[in-house]
Amino acid sequence: MGIVSWIVLGLIAGVIAKILLPGRDPGGLVGTTLTGIVGSFVGGWLSVKILDRPIPKDIFDLSTWVAAIAGSLVLLILYRLFFGNSRERR
């Protein structure tokens, strides 16, 4: 996949992860995109290591999207575990 494909995949995966796990997280559009891109790598790594199933390099494959969204969810959960609701209004 090209760089543009990774950015689009990251943006969409990050948005879906934030929809599935609502809350106040930092970053806006750029943070959501970076969360999705890093989540894609995390999801792919977890898929290979835990499930022993390689992720195809095609952006239109369902397993690529599931891995990217799952990785983004893992990142959001870890962020909330370590930093909590630090952006919560007081």
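The values are calculated or read from the model by the stated rules, or taken from the named source; none is laboratory data. Not measured: the values here are computed from a predicted model. Please note: Cβ atoms are built from the backbone with ideal geometry, for glycine as well, and neighbour counts cover all protein chains shown. For accessibility, only protein heavy atoms count, side chains too; no ligands or nucleic acids. Shrake-Rupley method; radii C 1.70, N 1.55, O 1.52, S 1.80 Å.
If you scan the range 1-21, which residues turn out to be open to solvent by 50 Å² or more (accessible area, probe 1.4 Å) and either of a type in the set (D, E, K, R) or at pLDDT 80 or above (or both)? I'd like the intermediate steps shown before the answer.
Here is the first cut: in the range 1-21, the ones open to solvent by 50 Å² or more (accessible area, probe 1.4 Å) are 1, 3-4, 6-8, 11-12, 15-16, 19-20.
Listed by number, the residues that qualify are Val8, Leu11, Ile12, Val15, Ile16, Ile19, Leu20.
Taking the range 48-69 as the search range and keeping residues that are open to solvent by less than 40 Å² (accessible area, probe 1.4 Å) and touching a Leu at 6+ places or on another chain (Cβ under 9 Å), which one is modelled with the highest pLDDT?
Initial filter on the range 48-69 (open to solvent by less than 40 Å² (accessible area, probe 1.4 Å)): 59, 63-64, 67-69.
Add one more test, that the residue is touching a Leu at 6+ places or on another chain (Cβ under 9 Å), and what stays is 59, 64, 67-69.
Working: Ile59: 70, Thr64: 78, Ala67: 82, Ala68: 83, Ile69: 87.
Checked the range 48-69; the qualifying residue modelled with the highest pLDDT is Ile69.
Consider Trp45 carefully, then state whether it is modelled with pLDDT of 75 or more, under 16 Å from Ala67 (Cβ atoms), open to solvent by 20 Å² or more (accessible area, probe 1.4 Å) and not in a loop (DSSP other than H, G, I, E, B).
Numbers: modelled with pLDDT of 75 or more: yes; under 16 Å from Ala67 (Cβ atoms): yes; open to solvent by 20 Å² or more (accessible area, probe 1.4 Å): yes; not in a loop (DSSP other than H, G, I, E, B): yes.
So Trp45 fits the description; yes.
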